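The values are calculated or read from the model by the stated rules, or taken from the named source; none is laboratory data. It should be emphasised that the depicted structure is a prediction, and the values quoted were computed from it without experimental measurement. Positions of Cβ are generated from backbone atoms using ideal geometry, with glycine treated the same way; all protein chains shown enter the neighbour counts.
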Amino acid sequence: MQPMYYIGLDVHKRIISYCVKDGSGKLHAEGSIPATRLDLDRWVKTLPQPWSAAMEATMFTGWIYDHLKPHAAALKVAHPLMLRAIAAAKKKNDRIDANKICDCLRCDFLPECYMASTAIRERRRTLRYRNLLVRQMVQMKTKISMLLMEAGIGYNKQRLHKTGYFRELMATNPGIDEGLRSLLRLCRETVVRLSKTESALVRSLRRDPLLLERVERLMSIPAIGPITALTWALEVGEVQRFSSIKKAISYCGLCGAEKRTGNTVQRTPLSKQRNKHLQTTLIEAAKMAPRYSPTLAMLYDRERQKGNANRATLAVARKLVAYLMAVDRGQTHFLVVDREACVAA
């Protein structure tokens, strides 16, 4: 059996630092290469076989992971917050970081994080781009309101962004001069263009063969629409990676961090270590959920009596996570059970 070689990679935008060691910790090679596919191909040909590698999760990790995976016996991605050996070091540079990642991999101390498949990551990129368009669209709508308020022009807040009302306001209000008119028209055209692009991206994701059946199953849950279903499917990836609902709730950022020392227990309202995209989407869905589900409405009212509205919203969001986990794991549509009928039976 051939000995395994271990490689630690410190990834950056332009440079990748590497460190190669064998199982006993003997250093075989270290250095840096340009972060390009051509240079990676040349470097891979010089490596001893077989080899496994590890790198820290960064925004540059994805393409490097995909490029090296066919050549490696094993390829892992480390959780950046868990690499305390690097974060707490007194002396820190790229060469030392690559060396420490290599040692963590060699000694099986690497805090590995989940790496979604290439297909899921590509579609996730599209969904997150859609979120950017929505934020820009909201900014443009806010800018329209600000421009009208700066000029002292009254408007109907609920109807302002309706096509007919906006056109009528532009045509009949004498307080809108030519300079303001051009800015308002530009903002409105930007909103329309962003809205059409956002709708097209959502339609393309919903019709994607990889996501079609899964999204339809998730949308069978009350209060789960296409955006929530797509966000869950693309941000979670493989639902089997969560061994319990509590771990899924923690990943979604719907629980507080805990610090326990002796008999002292401190809990924060919500943990900052979370998937922010899932957290935002689920909380927004939880605010609307009581309107569509009597069960969730009862849960909201019960928690509302114990505390405040935020506590009730979080309780509903956690219940939605349980529903999503059950539907996604069972690969079946959501079924509403009539409790009175069950008791009578």
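Details
- Subset of segment 67-98 (residues that are of a type in the set (D, E, K, R), under 28 Å from GLU122 (Cα atoms) and surrounded by 16 or more Cβ atoms within 10 Å (Cβ to Cβ)): LYS76
- Filter result for MET115 (over 30 Å from LEU210 (Cα atoms) and of a type outside the set (Asp, Glu)): no
- The single residue among SER250, SER271 that is touching a Gly at 6+ places or on another chain (Cβ under 7 Å) and either modelled with pLDDT of 95 or more or closer than 20 Å to LEU81 by Cβ (or both) turns out to be SER271.
- Tally of residues being in contact (Cβ under 8 Å) with a residue 24 or more places away in the chain and not in a loop (DSSP other than H, G, I, E, B) across segment 222-232: 6
- The C-beta contact set for segment 138-155 (first residue touching a residue at least 24 places away in the same chain (Cβ under 8 Å), second residue of a type in the set (Phe, Trp, Tyr), distance under 8 angstrom, 6+ apart or interchain) comprises LEU148/TYR155.
- Qualifying residue in segment 106-127 (condition: of a type outside the set (Phe, Trp, Tyr), at positive phi, loosely packed, with under 12 Cβ neighbours inside 10 Å and over 32 Å from the mean Cα position of the chain (by Cα)): no
- Of all residues in segment 61-77, exactly one satisfies the criterion of being without any contact (Cβ under 8 Å) to a residue 40 or more places away in the chain and more than 25 Å from GLN2 (Cβ to Cβ), namely TRP63.
- Within segment 240-258, the set of residues being surrounded by 10 or more Cβ atoms within 10 Å (Cβ to Cβ) and either farther than 22 Å from THR228 by Cβ or not assigned by TED's automatic domain parsing to the domain that holds TYR323 (or both) comprises GLY256, ALA257, GLU258.
- Residue match in segment 228-241 (condition: of a type outside the set (Gly, Ala, Ser) and more than 24 Å from TYR129 (Cα to Cα)): yes
- Pairs with Cβ under 7 Å, 6+ apart, first in segment 97-109 and within 16 Å of LYS26 (Cβ to Cβ), second modelled with pLDDT of 95 or more and assigned to a loop (DSSP other than H, G, I, E, B): none
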